[in-house]
Amino acid sequence: MSRVLQMLQITAEFVAAPVVPPGNSTLPARRVAEWHAHIGVYRDMRERGFESALILDGSVDMELNIKTIMRRVHRVLPSWDLLFPGHCGAFERIQPRVSAQLPMLRVANMPLCLHAYAVSRSGVDSLLDHLAALPPDRDILGMAIMRLAEQRRLAMYSLDTPVFVPESTDKTRRLAGNKRLAISAINHLHERQQ
């Protein structure tokens, strides 16, 4: 991941997954660790005064022109809490469009998956106010976020076709609307190294 971000000239901070002591959670340990890691990022954002952050899983691939895509999205993005430029939701492409200038930007339905999403300051405040006090064994984080959206506590948007996807060695794998990346940053990096 760091080599891809370096090639694309994207500055990033990496957060190690927390070590979570065994407890009586009904969720698998990796889900409990995910919960704590994301809550930790939200708290860090609040403490450091960040206006927004893009949260990426350590093994995602992205469109080679991701900086251009994200600049275009932010030019037309209305007031928002969460943005899902990467997701596993096949129905995002049939949701209402936000702007005629950027038809790929949609009101999020159930984008699912947290491998690539952005959160704003207002989103962090809502998430921390509603999730931080919950025990991580109550729900998987993605589903907890969807419940907040259903209750109209989060303004969420997605792209009809993901521009971040989980990295896969299976070249035939497809996600969300049966689409692949147009130009994979990881494939481009590998080609440059040959």
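The values are calculated or read from the model by the stated rules, or taken from the named source; none is laboratory data. If you're wondering where the values come from, they're calculated on a predicted model, not measured in any experiment. Note: ideal-geometry Cβ built from the backbone for every residue, glycine included; neighbour counts use all protein chains shown. Areas reflect the complete protein model, heavy atoms only, side chains present, ligands, DNA and RNA absent. Shrake-Rupley method; radii C 1.70, N 1.55, O 1.52, S 1.80 Å.
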note = Once Val107, Val76 are ranked on solvent-accessible area with the largest value leading and a 1.4 Å probe, the list reads Val107, Val76
request  = Roll a 1.4 Å probe over the protein heavy atoms and report the accessible area of Val124 in Å², nearest 10.
outcome  = 0 Å²
request  = Using the heavy atoms of the protein chains and a 1.4 angstrom probe, tell me the accessible area per residue for the chain in square angstrom.
outcome  = 56 Å²
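Which order, highest average first, do 112-121, 3-12 follow once you tally other Cβ atoms within 10 Å for each residue and take the mean per peptide?
Numbers: 112-121: 21.5, 3-12: 13.0.
Result, highest mean Cβ count within 10 Å first: 112-121, 3-12.
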key: Solvent-accessible surface (1.4 angstrom probe) belonging to Asp129, in square angstrom, nearest 10   = 110 Å²
query = Helix by helix, which DSSP H runs in the chain go 30 Å or more along their axis at the Cα atoms and have an average Kyte-Doolittle hydropathy of 1.6 or more?
reply = none
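Report the percentage of all Cα-Cα pairs in the chain whose separation exceeds 21 Å, rounded to a whole percent.
On the way: 9848 of 18721 pairs.
Of all Cα-Cα distances in the chain, 53 percent exceed 21 Å.
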ask   = Just Glu150, Glu47, Glu63 to compare: in a GNM of the chain, with alpha carbon springs under 10 Å, which one fluctuates most?
value = Glu47
ask   = For Leu5 and Met143, what is the calculated FRET efficiency with R₀ set at 35 Å and r taken between the beta-carbons, to the nearest 0.05?
value = 0.75
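Suppose every K and R has +1 on its Cβ and every D and E has -1 on its Cβ; what is the size of the dipole of the chain about the Cα centre, in Debye to the nearest 20? Walk me through the numbers on the way to the answer.
Numbers: 24 positive and 19 negative charges, 109 e Å.
Using only the charged Cβ atoms, the result is roughly 520 debye.
Go ahead and estimate [θ] at 222 nm for the chain from helices alone: -39,500 (n - 2.57) per DSSP H run with n ≥ 4, summed, over the residue count, rounded to 500. Numbers along the way, then the final one.
Details: 6 runs with 67 residues, N = 194.
That comes out to -10500 deg cm²/dmol.
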query = So for segment 18-159: antiparallel DSSP bridges make up what percent, rounded to the nearest 5?
reply = 80 percent
message = Using a 1.4 Å probe on the protein heavy atoms only, what accessible surface does Ile183 show? Give it in Å² to the nearest 10.
response = 90 Å²
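Evaluate E = 1/(1 + (r/R0)^6) for Val76 and Arg30, where r is the Cβ-Cβ distance and R0 equals 45 Å; express this FRET efficiency to the nearest 0.05.
Numbers: r = 36 Å, r/R0 = 0.79.
The computed FRET efficiency comes out at 0.80.
Using a 1.4 Å probe on the protein heavy atoms, what percent of the accessible area of the chain belongs to carbon and sulfur?
On the way: 5480 of 10950 Å².
That share works out to 50 percent.
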